[in-house]
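Data first, discussion second: the structure below is written as structure tokens.
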């Protein structure tokens with residue numbers, strides 16, 4: 001007697017019915033109308049909390065990060081700035097003191113000279129000094145990022161290790177940096193257009209100036225929107241075996257649906273640093289003028305570690 005064949009007549013139908021069904025993930029394309037997409041559940045900490053966490057981490061590993069900043073300070077003095085400064089804060093204070101009198105005048109002098117110091121940040125005496133400054137900025141940034149990654153993993157490292165082991169992703173880091181520079185182009189173009197139409201008298205009426213200012217505003221928003229994701233690629237690309245395009249794609253996925261909330265936290269950082277520097281430097285301008293330039297220079301060196309610590313803390317919160 002022949003055995004009955006219990007095999008299904010249409011195995012393809014059975015296999016399709018047994019496969020796991022997956023919900024289609026919502027897709028988002030920039031500058032297009034979409035239905036509202038549910039945001040990720042994990043809520044990011046406030047900007048102030050992120051700033052406090054980043055400062056606490058630097059304090060916890062102060063020997064390591066102060067060592068990195070000290071090397072950055074010394075090399076910048078030797079290769080970029082030299083032993084002298086050219087802003088002449090003491091002379092300018094005396095000249096303004098002859099014009100402005102009283103407590104309000106002293107405060108005006110302090111804030112004005114602080115603005116002068118901020119505006120002179122990054123100024124160099126030659127093209128060669130500018131090249132050295134860029135090389136030092138990138139080198140120390142890679143060392144600080146590597147040190148942050150190791151210390152957040154509770155790995156004990158030294159200053160020498162940060163420079164020896166942290167510089168291997170130099171080329172991918174530079175390629176991501178080039179992409180970020182390209183994303184700044186809308187801001188540069190908008191600034192050039194606005195400056196041209198105002199300087200040449202093309203926009204005379206108030207409404208014309210307002211329209212060109214609006215163009216500059218939207219081009220600035222476009223650049224900031226693009227950079228708000230790409231900036232995290234600078235930290236992702238330092239991972240082992242990470243390619244630049246892969247890092248940029250991962251950064252876009254990381255900030256998806258949260259561009260504007262992240263952008264607010266990124267903008268908070270320079271504002272906070274300027275306020276802190278103002279609180280420290282303005283009293284020094286009024287009462288200890290000869291040391292102001294060196295103190296401001298030291299704070300600007302320390303700011304690099306604070307910036308990377310804050311951004312790396314935000315990057316970890318996005319994971």
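The values are calculated or read from the model by the stated rules, or taken from the named source; none is laboratory data. Computed from a prediction, not measured in an experiment: that's the story for all the values here. Cβ coordinates were reconstructed from backbone atoms using ideal geometry, including for glycine residues, and neighbour counts include every protein chain displayed.
Residues that are surrounded by 13 or more Cβ atoms within 10 Å (Cβ to Cβ) and out of contact with any helix residue (DSSP H, G or I) (no Cβ under 6 Å at 6 or more places or on another chain) were ranked within the stretch 112-122; the one that is modelled with the lowest pLDDT is 120. Filtering the stretch 287-314 to residues that are farther than 19 Å from residue 120 by Cα and exposed (fewer than 15 other Cβ atoms within 10 Å of the Cβ) leaves 287, 288. Taking into account only those residues within the stretch 31-63 that are over 23 Å from residue 276 (Cα atoms) and within 22 Å of the chain's Cα centre (by Cα), which is modelled with the highest pLDDT? Among residues in the stretch 31-63 that are over 23 Å from residue 276 (Cα atoms) and within 22 Å of the chain's Cα centre (by Cα), the one modelled with the highest pLDDT is 44.
Being within 21 Å of residue 76 (Cα to Cα), touching a helix residue (DSSP H, G or I) at 6+ places or on another chain (Cβ under 6 Å), part of a helix (DSSP H, G or I) and at pLDDT 90 or above is a description that applies to residue 273.
Across the stretch 212-233, what is the number of residues that are touching a residue at least 60 places away in the same chain (Cβ under 8 Å) and either more than 11 Å from the chain's Cα centre (by Cα) or surrounded by fewer than 16 Cβ atoms within 10 Å (Cβ to Cβ) (or both)? Total meeting the criteria: 1.
Taking the conditions exactly as written (surrounded by 12 or more Cβ atoms within 10 Å (Cβ to Cβ) and at pLDDT 95 or above), does residue 145 satisfy them or not? Yes.
Residues in the stretch 162-187 that are out of contact with any helix residue (DSSP H, G or I) (no Cβ under 8 Å at 6 or more places or on another chain) and either over 19 Å from residue 135 (Cβ atoms) or touching a residue at least 40 places away in the same chain (Cβ under 8 Å) (or both): 182 only.
Can you tell me which residue is surrounded by the fewest Cβ atoms within 10 Å (Cβ to Cβ) among those in the stretch 237-254 that are free of Cβ contacts under 8 Å to residues at least 60 places away in the same chain and either on the phi > 0 side of the Ramachandran plot or part of a helix (DSSP H, G or I) (or both)? The extreme case among them is 241.
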